[in-house]
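S.K.: The structure is given below, and queries will be raised subsequently.
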């Protein structure tokens with residue numbers, strides 16, 4: 001089982017339009033620092049699952065038949081905008097799974113095209129893609145939102161974006177099913193006033209310390225947080241990593257490893 005973080009930015013992405021902060025300037029001159037809409041690709045024996053559809057170039061990234069399913073965390077525009085173009089394509093239908101949200105996003109549910117929206121998932125009720133077990137986990141956000149525990153064999157990945165803290169029942173569940181890899185929302189630099197809709201660094205690290213996963217990767221990164229890391233104003237504890245677009249992690253009989261970025265092995 002492997003996961004590739006296709007996008008790791010917040011709703012504004014990096015660089016932010018019109019911003020000349022250190023993070024945005026750096027991303028304009030070096031594409032390796034660009035952060036696209038938060039999304040990931042999970043590959044396992046059970047198939048290839050796209051986690052969120054916010055990338056605007058889905059039609060260029062994936063050929064017809066490349067994806068076995070799309071898994072949505074929620075229906076905010078930055079997590080579904082790529083589906084508006086994809087839906088009018090030709091080829092086999094793509095099953096789409098996600099939380100109950102009658103409003104969806106614009107007319108996506110009303111006119112799905114080649115997207116086959118499935119009945120809404122239920123919290124803590126697992127579904128299966130071959131040997132891959134997928135369990136929806138409620139998160140705290142301004143729209144109905146799920147994170148997911150993805151388990152194959154003895155290995156698991158928790159993908160938790162977007163959220164501010166964790167609901168007690170989700171935290172308790174993950175303490176009972178400790179993931180090898182935790183990918184968690186960390187949109188803001190450390191703040192004195194708790195943020196409204198996304199974790200700041202303090203909250204993300206508190207989740208890491210509470211769950212004690214094998215490794216933690218911080219995603220849904222803002223340009224403000226990126227700038228602080230660029231200026232070396234923040235140091236992460238052991239076992240915690242700042243996500244990068246195209247960062248990949250693999251889980252197999254050899255355990256967990258970070259094994260590529262931008263198509264190159266990075267160790």
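S.K.: Can you find a residue in the range 172-179 that is under 23 Å from residue 10 (Cα atoms) and either at pLDDT 95 or above or out of contact with any helix residue (DSSP H, G or I) (no Cβ under 9 Å at 6 or more places or on another chain) (or both)?
M.R.: Checked against the condition, which is being under 23 Å from residue 10 (Cα atoms) and either at pLDDT 95 or above or out of contact with any helix residue (DSSP H, G or I) (no Cβ under 9 Å at 6 or more places or on another chain) (or both), the range 172-179 yields no hits at all.
S.K.: Name the one entry in 190, 237, 213 that is more than 20 Å from residue 10 (Cα to Cα), in contact with a strand residue (DSSP E or B) (Cβ under 7 Å, 6 or more places away or on another chain) and part of a loop (DSSP other than H, G, I, E, B).
M.R.: Answer to the check: 213.
S.K.: Looking only at the range 18-54, which residues are in a loop (DSSP other than H, G, I, E, B) and more than 30 Å from residue 253 (Cβ to Cβ)?
M.R.: Correct list: 18, 19, 20, 21, 30, 34, 36, 53, 54.
S.K.: Those residues that are on the phi > 0 side of the Ramachandran plot and more than 17 Å from the chain's Cα centre (by Cα), I need them from the range 218-241; list them, please.
M.R.: Within the range 218-241, 232, 239 meet the criteria.
S.K.: Ok, one more. Kindly indicate which of 166, 115, 121, 132 is within 25 Å of residue 46 (Cβ to Cβ), in contact (Cβ under 8 Å) with a residue 12 or more places away in the chain and in contact with a helix residue (DSSP H, G or I) (Cβ under 8 Å, 6 or more places away or on another chain).
M.R.: It is 115.
S.K.: While we're here: Within the range 148-156, can one find any residue that is surrounded by fewer than 18 Cβ atoms within 10 Å (Cβ to Cβ) and over 23 Å from residue 222 (Cα atoms)?
M.R.: Yes, because at least one residue in the range 148-156 is surrounded by fewer than 18 Cβ atoms within 10 Å (Cβ to Cβ) and over 23 Å from residue 222 (Cα atoms).
S.K.: Taking the criterion of being crowded, with 19+ Cβ neighbours inside 10 Å, under 18 Å from residue 147 (Cβ atoms) and under 14 Å from the mean Cα position of the chain (by Cα), would at least one residue in the range 205-214 satisfy it?
M.R.: Looking for residues that are crowded, with 19+ Cβ neighbours inside 10 Å, under 18 Å from residue 147 (Cβ atoms) and under 14 Å from the mean Cα position of the chain (by Cα), one finds none in the range 205-214, hence no.
The values are calculated or read from the model by the stated rules, or taken from the named source; none is laboratory data. Treat the numbers as computed from the prediction; the structure is a model and nothing was measured. Note: ideal-geometry Cβ built from the backbone for every residue, glycine included; neighbour counts use all protein chains shown.
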